[in-house]
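Read-outs throughout are calculated quantities, based only on the coordinates presented, and are distinct from any laboratory measurement. Remember, it's a predicted structure, so these values are computed and weren't measured experimentally. A quick note on method: Cβ atoms are made from the backbone with ideal geometry, for glycine too, and the neighbour counts reach across all protein chains shown.
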């Protein structure tokens with residue numbers, strides 16, 4: 001078990017998070033008394049490379065085509 005006061009936890013947050021992710025119990029204390037615990041999530045909320053896979057499957061439009069505008073939408077704003 002690792003216990004750190006709030007000031008030390010701010011200084012060493014990366015290390016404490018790594019320890020918690022590896023299964024170590026990490027407690028942050030306030031005024032010497034246990035206050036909160038850092039615990040890992042069951043599974044990561046995001047996967048590295050997901051956007052790369054998305055863009056590989058969904059072609060990004062040509063810049064000229066992207067800036068060309070949409071006449072139907074532009075007509076809605078005429079006269080403003």
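Here are the numbers for this structure:
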| read-out | value |
| --- | --- |
| Distance in nm between pseudo-label sites at residue 13 and residue 42 (7 Å out along the Cβ direction from Cα) | 2.6 |
| Peptides ranked, highest mean first, by Cβ atoms within 10 Å: ranges 29-42, 3-16 | 3-16, 29-42 |
